[in-house]
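The values are calculated or read from the model by the stated rules, or taken from the named source; none is laboratory data. Because the structure is predicted, anything quoted here is derived from the model rather than measured. Ideal geometry is used to build each Cβ from the backbone, glycine not excepted, and the neighbour counts take in all protein chains shown.
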Amino acid sequence: MKVSIVIPCRNEVAYIEECISAIYANTLCKNEEVEVLVVDGMSDDGTTELVQSLLPKYTNLRLIINDRKVTPVAFNLGITESTGEYYQIVGARHIICEDYLEKEIQILEENPDIWCVGSKLINEYTNQEGAIISKAMDTPFGMGVGNFRILDKSGYTDTVTSPMYPRWVFDKIGMFDEELVRNQDDEFNFRVTQAGGKIWFEASIWLKYYVRSTYAGLKKQFFQYGYWKVFVNKKHKAVTTLRQLFPPLFVLFALVSIPLALLHPFLKYGILSIWVLYAFLALYFGAKKGDGFKESLGIIRSFLIMHFQYGGGYLKGIYHFYILHRKPSQRETKLSR
């Protein structure tokens, strides 16, 4: 078996069929034997039944039940249940392009120092709120400079989406960390780079990603990103990327800016200048990406949600994991949708 493709999912009935169809439309599937494993986390929205109905239609399509319901367990079930020389993760909301698999294998076979390959991400949406969120996530101001979501040139990076790995990578550095409800792929890729492997972002291939369709879903998603990032840092006794520090530092700045401004006029002007800069950047990117005044305001709202929720989650993580020495909160183990 050349490639094993694993789709972790839970309650993705609206997206799973399009995801599977795009995989089997790949050029590699016409010339090589592949297997596709849908690892379903006890869906209750009809996802399981839909996948079962597709089994006769597609060769080597399998359904595996993940009774623990969390993503890293799905990844690891995919590893243990599959036989492919290469291991490909595809999110249930990801629609890959036709040469995705073929191009990734070519890169890995021609570059033995590269252990992981991923692609460009194109944000998709299903409603107006989703359209606004997708535009906010398509900016360096929203996501941070260097984030894989906004890269457009091929090159080395620290993590990618929907990655492919040679199977031997798991023998070398182990499986995905099943304690991590979020950031399990970032943590795994951190281990890849720590072990001497390289991660490649390939801009000539792409996938479409369906973003959250509500501001409420976006809030929970980014709060969890920040919260679980701290747990990863504590496990590795290191800050895995420097850009993750900007949102929590900004939230701290927001909390202390008024008291500090009252201490001295010099501090007041310095603090005001930072807020003016933030407002200018938010307005600039909101106006640049927005189609009209109302949509631009929605994009600015999305910026605020992403920055403050990530930063707030990060600070909560510091409080829980470093000050109280607690295990992850049960509330933050529930995935946002």
For the range 299-309, state whether one or more residues are in contact (Cβ under 8 Å) with a residue 24 or more places away in the chain, over 21 Å from Lys220 (Cα atoms), part of a helix (DSSP H, G or I) and hydrophobic (A, V, I, L, M, F, W, C).
no
(message) Checking the structure you have, find out if any residue of the range 242-253 is within 26 Å of Thr333 (Cα to Cα), touching a helix residue (DSSP H, G or I) at 6+ places or on another chain (Cβ under 7 Å), outside any helix (DSSP H, G or I) and modelled with pLDDT under 95.
(response) no
Of the residues in the range 52-94, those that are touching a residue at least 24 places away in the same chain (Cβ under 8 Å), on the phi < 0 side of the Ramachandran plot and among the basic types (Lys, Arg) number 3
Would you say Leu263 is in a loop (DSSP other than H, G, I, E, B) and more than 30 Å from Glu104 (Cβ to Cβ)?
-> yes
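Condition check ((1) of a type in the set (A, V, I, L, M); (2) surrounded by fewer than 18 Cβ atoms within 10 Å (Cβ to Cβ); (3) modelled with pLDDT of 95 or more) across all residues:
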| site | (1), (2), (3) |
| --- | --- |
| Tyr86 | no, no, yes |
| Cys97 | no, no, yes |
| Glu104 | no, no, yes |
| Asp113 | no, yes, yes |
| Gln128 | no, yes, yes |
| Ser134 | no, no, yes |
| Asp152 | no, yes, no |
| Tyr165 | no, no, yes |
| Val169 | yes, no, yes |
So, first residue touching a residue at least 60 places away in the same chain (Cβ under 8 Å) in the range 26-51, second residue of a type in the set (Phe, Trp, Tyr) and surrounded by fewer than 21 Cβ atoms within 10 Å (Cβ to Cβ), Cβ within less than 9 Å, six or more apart or across chains; the pairs are Val34/Tyr24
Scanning the range 206-240 for residues that are of a type in the set (Val, Ile, Thr) and either part of a helix (DSSP H, G or I) or in contact with an Asp or Glu (Cβ under 6 Å, 6 or more places away or on another chain) (or both) gives Thr214, Val230, Val232
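Residue-by-condition table, conditions (1) part of a helix (DSSP H, G or I); (2) hydrophobic (A, V, I, L, M, F, W, C); (3) loosely packed, with under 14 Cβ neighbours inside 10 Å; (4) not assigned by TED's automatic domain parsing to the domain that holds Gly118:
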| position | (1), (2), (3), (4) |
| --- | --- |
| Glu35 | no, no, no, no |
| Thr48 | yes, no, no, no |
| Thr59 | no, no, yes, no |
| Phe75 | yes, yes, no, no |
Only one of Val239, Val230 is surrounded by 12 or more Cβ atoms within 10 Å (Cβ to Cβ), under 30 Å from Glu12 (Cα atoms), within 22 Å of the chain's Cα centre (by Cα) and of a type in the set (Val, Ile, Thr), namely Val230
Those residues of the range 161-186 that are within 26 Å of Ala22 (Cβ to Cβ) and part of a loop (DSSP other than H, G, I, E, B) come to a total of 7
Among helices (runs of 4 or more DSSP H) entirely within the range 88-151, at least 1 residues that are among the polar types (S, T, N, Q) and in the same structural domain as Asn11 (by TED's automatic domain parsing) occur in 100-110, 128-136
Quick count over the range 1-26, residues being in a loop (DSSP other than H, G, I, E, B) and farther than 12 Å from Gly41 by Cβ, is 7
Taking the range 144-186 and keeping residues free of Cβ contacts under 8 Å to residues at least 24 places away in the same chain and either among the acidic types (Asp, Glu) or within 20 Å of Ser204 (Cβ to Cβ) (or both) leaves Ile150, Asp171
Considering the range 187-205, residues that are in a helix (DSSP H, G or I) and among the hydrophobic types (A, V, I, L, M, F, W, C), and then whichever is farthest from Trp168 (Cα to Cα), we arrive at Phe190
If we ask which residues in the range 219-250 are assigned by TED's automatic domain parsing to the domain that holds Phe303 and touching a Lys or Arg at 6+ places or on another chain (Cβ under 7 Å), their number turns out to be 1
It is to be established whether one or more residues within the range 266-289 are surrounded by 15 or more Cβ atoms within 10 Å (Cβ to Cβ), modelled with pLDDT under 95, assigned to a helix (DSSP H, G or I) and over 15 Å from the mean Cα position of the chain (by Cα). yes
